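Below is one structure, written out as structure tokens; the observations come after it.
A short reminder: the numbers here are calculations on the coordinates, not readings from a lab. Here the structure is a predicted model, which is why all the values come from computation and not from measurement. Methodologically, a virtual Cβ is constructed for each residue, glycine included, from the backbone with ideal geometry; neighbour enumeration extends over all protein chains shown.
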């Protein structure tokens, strides 16, 4: 890890050296840094921390964050039902996949059919699938 220099020293860390140092830290060490930043500069990293630690466990003692409003949805096909051919047609319609790719998707349920879409679009797609007897979930 690069040596962290004090204010009195003439040279400063480059941005790359700073991030190399952060890359070498454990989650607990990084948590200590975040607490220090919050105390020194009077800021809160609560909104930034979940993005920085994507997939990592929350730091001990961290406050639970407020429920975020979901803006992007995914339509997940859970079960094709009895009318598999009609389900394949709808998959092709909403995804522009070829026949083989659409059939493979339907055969390997549960699978996301379409992701990162608005709630309105997701509801419309869900209605199409349910209209032919498929089981769909919005995530």
- For the pair residue 95 and residue 39, the simple spin-label estimate (label points 7 Å beyond Cα toward Cβ) gives in nm 5.2 nm
- Can you give the extra length, in nm with one decimal, that the chain gains between residue 70 and residue 115 once fully stretched, where that is 0.36 nm per residue apart less the Cα-Cα distance? 14.9 nm
- Using the Cα gyration tensor of the stretch 73-138, with a ≥ b ≥ c the square roots of its eigenvalues, what is the shape: rounded (a/c below 1.5), prolate (a/b larger than b/c) or oblate (neither)? prolate
